[in-house]
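The next block holds one structure in the form of structure tokens; read it before the comments.
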2 protein chains.
Amino acid sequence: MRRSAIALARQAARTVQPARTLRSSASPMALPRQTSAPTNTLTPVFKRFGSSLPPRSEAYAKATKEHVEHIKSLLSSPNGVMSTLDGSASADDLQPFNDDWMNKYHGKSQIVVKPKTTQEVSEILKYCNEQGLAVVPQGGNTGLVGGSNPVYDEIILNLSNMASIRSFDEVSGILTCDAGCILETVDNYLAEKGFIFPLDLGAKGSCQIGGNVATNAGGLRLLRYGSLHGTVLGLEVVLPDGTIYDSLGGLRKDNTGFDLKQLFIGSEGTIGIITGVSILTPKRPTAMNVAVFSLSSYEDVQKVYNETKAGLGEILSAFEFFDKQAYELVKRHMKEGGEAERKVFENEGEFYVLVETGGSNNDHDEEKLQNLLEKLMENELIQDGVLAQDQTQFHSLWKLRELIPESAGKAGSVYKYDLSVPVPKMYSLVEKMRERLGEAGLWKEEGGGRIREVVGYGHIGDGNLHINICADKYDDEIEKVIEPYVYEIVAEERGSISAEHGLGVMKAPYIGYSKSQTSIDMMKQVKKMFDPKGILNPYKYVVV
Amino acid sequence: MRRSAIALARQAARTVQPARTLRSSASPMALPRQTSAPTNTLTPVFKRFGSSLPPRSEAYAKATKEHVEHIKSLLSSPNGVMSTLDGSASADDLQPFNDDWMNKYHGKSQIVVKPKTTQEVSEILKYCNEQGLAVVPQGGNTGLVGGSNPVYDEIILNLSNMASIRSFDEVSGILTCDAGCILETVDNYLAEKGFIFPLDLGAKGSCQIGGNVATNAGGLRLLRYGSLHGTVLGLEVVLPDGTIYDSLGGLRKDNTGFDLKQLFIGSEGTIGIITGVSILTPKRPTAMNVAVFSLSSYEDVQKVYNETKAGLGEILSAFEFFDKQAYELVKRHMKEGGEAERKVFENEGEFYVLVETGGSNNDHDEEKLQNLLEKLMENELIQDGVLAQDQTQFHSLWKLRELIPESAGKAGSVYKYDLSVPVPKMYSLVEKMRERLGEAGLWKEEGGGRIREVVGYGHIGDGNLHINICADKYDDEIEKVIEPYVYEIVAEERGSISAEHGLGVMKAPYIGYSKSQTSIDMMKQVKKMFDPKGILNPYKYVVV
């Protein structure tokens, strides 16, 4: 019975006009190659914060040659320390560690330490704590909020030399590895064994597992595999006084006391340095599909999300949305990049959604996708749709979404916001922002305006909205119209001013827009409890 | 190509001899009805702990009639307080709140308070903290370790009167509800909307969401939906001094500071009283299937688990195992219960596994199960298998697993252990225990012995092992042979002495077997930070 019903529906799908596009798919598009790192620009928040940056605290000792000598004596190899104080390194040598990858945040550290073992990390921290030397933990240094490089002369403790996989159990899928392992390296290791790391990021070629956990990285697989608070099973952490907290291991369930490791997930290196991670890894999907639909309203985006969750259920692995303005930017960027114009959709829309599936049986997954498409068309929830037919088209369709940040960057100087708001309210923030800029007479078409475009996109499944505001150039007047307004409207919806990037140095002053004073006070107590001398990653996060 | 390959495989399945059983399934079995609450017995741990129970602390005030009057004045309704001190209740009235449901732990409280709002909880706690009155938070009082009823005369703060669903968003699936909501009530509410609560328990008809979160309940759906640390998105908690910590809301992603709510998940009411919960609920599977296989070794159990994860992937929702000894107990129990003996398996085994699937397309799920079964048979990993053909058989097959605790209870006085160990080591603990009892000459068949049976079963997917040791009767000599040996062998494997039940009063003295002194010291600091006067749930958990 069921089978023939499906066959009939499939038959119908072949005859309905818009379904033709769905089945035949877009012709392969050779889109411009995107760099894996996200496009970022100097935001006004940093500029304003820059002027109010607290001065270097006199509570911290100034590092000397003697400190360098002592730290060297704690390591198995003297090459583990690079310093301008003893002439073992030049300022140029230290620059990649002092600056962030966007060249937006600049530290002035004179010492980089690269320990090889947890014991070495412990001895270094114990010594720094005794001496009152401030320390910034550093993984792949791929963060977006200035959390992983020094603000002043903090000693940089870089985890790159701790990059071994410690164990992997193919029955439970539990992996234990050093904090300094590169995400992509670990995922490649798991791929060979048929497993997948439950986290994926644009920066995966550089970012480290320890940093991922320390920043509670979200990324592209969160909808499917959940947050690191659920998948991380244990941590090894060196506390500021050198104590080693060790909850590594292969346990999925353990109800013996407070789950302390949770505090370190997302703590951005302020209460301890993560040196090892145990994490539950799922089986790798053997089938992947992607489709992009055009829709007429944000109401329909939500309805399609609901139908998609019901229809694809367990195989849904991503549900992204972007607005017409974002799509137009991408098309223009592609055209300027020398691409021949291609008609992806017969019927373009006000909104677009990208749906990805990951499962263990491709026939089943394709059938589920077809059934969903037919239902969405019958209910007139989508105007058009394209389904990738091969690996090339799979990546081409993803690029319609992935190229948005780059395309916005080409369209002007971009004010970028990474916000978390309840799904039903998500798009209203983009509309409010457009209205506000209009009321201020800032739109280009209104004469004298300096705003070229406002685009909205993001992860519907995660309630994570990105707003990019493209202006002629950065401008204090524009900034004042946008901020703190954007944080205020997020706060009104009980949203988060940082969905996934963290606070770092950039958003530290704005935590009050997302957290109550009660929460902030509790956080300060936690910080003081773990790091009474405040040596770890100062001037950032929850500033005590 | 793929489709016809599947068709061929299906054809093959119909002709291979053992597959016949697989397809035709067991005949429906009318097994004895199981009570929804798990069977429990007095364990020796409690007896020993009973003798070393710390005396009532003089630090706490003794409740008076004046205290009762004042607490009444804080509530909107005077009926919210029941006390023997002012004659508003008898000792009998308070007994259901003083005793746990197993009648194993007995408190002597003279006051039960049932606030209706978070504000009332706040005012009660503020007052108790000022007055030095100890308080035990109580949800459904269904725990197994004496965590939810008083040890002495602590005031019982019962959440039953706070049982409203506050909001549900059908787009994101985010539910916000009062702590006192009954799990089953909430799940029924969600079922009507096509969603499912990501937690299921035997006690679901009585246990409350707040208690579930406070004890980090695991249950039957953990393999599929993960732990509450991943699914709980926000909490409303009243701290011991009456401060309300509120992180409720509809956000899946929020990286603005320490994730404080995590500390309350599994804190067993020792640092705050949970009054509200926001949780992410998944779409309810529309198709469910269950199969039971017989196997010849624990090695094969692990191999089948690995193949099942690969073959069923995203639709796998439970993977339970039990040994031959457990299966024989259940068969005997069924026979004694008047059931006609039925041959479930042509080929019985040394081990059994139960596999459950939950998906969105029954045809697909059945096909995946068939493909898996064929592969397992080809590789000779299973000896036999039964696949449920309808709802009745679905429940009958589940009962082969679910009846184990009850059947063990019928076989003698049971020493019960709930342990978490790495999957590869799981069953060796059962074998070690049998060996030890043998070396001590305690086996019944060895003459003069008093141990009738040792059975092992549990959640392979969660690494959660249950060992039940059936003895003629509770006996100090037996107890000394088992304990602390069982905790020692768990500790050797870096396991947990409590996979899901928590510490409560029962396991509080044994935390050292699962946690390092460093961890315990940190936990004590956390307790002191939140509850400096120690008024919340004293004598339990991490005793300061």
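The values are calculated or read from the model by the stated rules, or taken from the named source; none is laboratory data. Worth saying up front: this structure is predicted, and the values here are computed from it rather than measured. Here the Cβ positions follow ideal geometry from the backbone for every residue, glycine too, while neighbour counts run over all protein chains shown.
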Answer yes or no as to whether A:L133 is in a loop (DSSP other than H, G, I, E, B) and either within 11 Å of another protein chain (Cβ to nearest Cβ) or touching a strand residue (DSSP E or B) at 6+ places or on another chain (Cβ under 6 Å) (or both). yes
Among residues belonging to region B:191-208 that are within 13 Å of the chain's Cα centre (by Cα) and among the aliphatic types (A, V, I, L, M), point out the one that is modelled with the lowest pLDDT. B:L201
So A:V171, is it surrounded by fewer than 24 Cβ atoms within 10 Å (Cβ to Cβ), within 14 Å of chain B (Cβ to nearest Cβ) and not small (G, A, S): yes
Is region A:279-301 home to any residue that is of a type in the set (G, A, S) and within 25 Å of the chain's Cα centre (by Cα)? yes
For region B:440-483, give me each residue that is among the hydroxyl-bearing types (S, T, Y) and in contact with an Asp or Glu (Cβ under 9 Å, 6 or more places away or on another chain). B:Y457
Checking the conditions here, which among B:A310, B:A326, B:A318, B:A340 is under 23 Å from the mean Cα position of the chain (by Cα) and either farther than 14 Å from B:A408 by Cα or at pLDDT below 95 (or both)? B:A318
Within region A:347-367, residues away from every other protein chain (no Cβ under 14 Å) and in a loop (DSSP other than H, G, I, E, B) come out as A:N347, A:E348, A:G349, A:E350
Could you pull out the residue among B:G412, B:G337 that is at negative phi and either more than 14 Å from chain A (Cβ to nearest Cβ) or not hydroxyl-bearing (S, T, Y) (or both)? B:G337
Go through region A:368-391 and give me each residue that's buried (at least 19 other Cβ atoms within 10 Å of the Cβ) and part of a helix (DSSP H, G or I). A:K368, A:L369, A:Q370, A:N371, A:L372, A:L373, A:E374, A:L376, A:M377
Evaluation of A:K324 against (1) within 14 Å of chain B (Cβ to nearest Cβ); (2) of a type outside the set (A, V, I, L, M); (3) within 28 Å of A:H501 (Cα to Cα); (4) surrounded by fewer than 18 Cβ atoms within 10 Å (Cβ to Cβ) (one fails), failing number: (1)
Residue list for region B:392-420, filter: closer than 15 Å to B:K335 by Cα, assigned to a helix (DSSP H, G or I) and of a type in the set (A, V, I, L, M): B:L400, B:I404, B:A408
Mind listing just one residue for me: the one in region B:191-206 that is of a type in the set (A, V, I, L, M) and surrounded by fewer than 24 Cβ atoms within 10 Å (Cβ to Cβ) and, of those, farthest from the other protein chains (Cβ to nearest Cβ)? B:A203
Restrict the check to region A:138-146 and report whether at least one residue is in contact with a Lys or Arg (Cβ under 9 Å, 6 or more places away or on another chain) and surrounded by fewer than 19 Cβ atoms within 10 Å (Cβ to Cβ). no
Please work out if B:I209 is away from chain A (no Cβ under 11 Å), among the β-branched types (V, I, T) and crowded, with 22+ Cβ neighbours inside 10 Å. yes
Residue in region A:232-288 that is nearest to B:V213 (Cα to Cα), counting only those that are touching a Gly at 6+ places or on another chain (Cβ under 9 Å) and among the acidic types (D, E): A:D259
Which condition does B:E346 not pass, out of (1) touching a strand residue (DSSP E or B) at 6+ places or on another chain (Cβ under 9 Å); (2) at pLDDT 95 or above; (3) surrounded by fewer than 24 Cβ atoms within 10 Å (Cβ to Cβ); (4) closer than 30 Å to B:E374 by Cα, if it passes all the others? (2)
Evaluate the following for A:V344: is it more than 14 Å from chain B (Cβ to nearest Cβ), assigned to a loop (DSSP other than H, G, I, E, B) and hydrophobic (A, V, I, L, M, F, W, C)? yes
Output the number of residues of region B:105-130 satisfying the condition of being under 20 Å from B:A179 (Cα atoms) and outside any helix (DSSP H, G or I). 6
Among residues of region A:331-340, those that are within 17 Å of A:L397 (Cβ to Cβ) and either part of a helix (DSSP H, G or I) or without any contact (Cβ under 8 Å) to a residue 24 or more places away in the chain (or both), counted: 3
When you scan region A:217-234, do you find a residue that is under 20 Å from B:T518 (Cα atoms) and either touching a Pro at 6+ places or on another chain (Cβ under 6 Å) or surrounded by fewer than 24 Cβ atoms within 10 Å (Cβ to Cβ) (or both), even just one? yes
Give me the helices (runs of 4 or more DSSP H) completely within region B:429-544, filtered to those with at least 2 residues that are more than 9 Å from every other protein chain (Cβ to nearest Cβ), touching a residue at least 12 places away in the same chain (Cβ under 8 Å) and touching a Lys or Arg at 6+ places or on another chain (Cβ under 7 Å), ordered by residue number. B:476-482, B:485-492
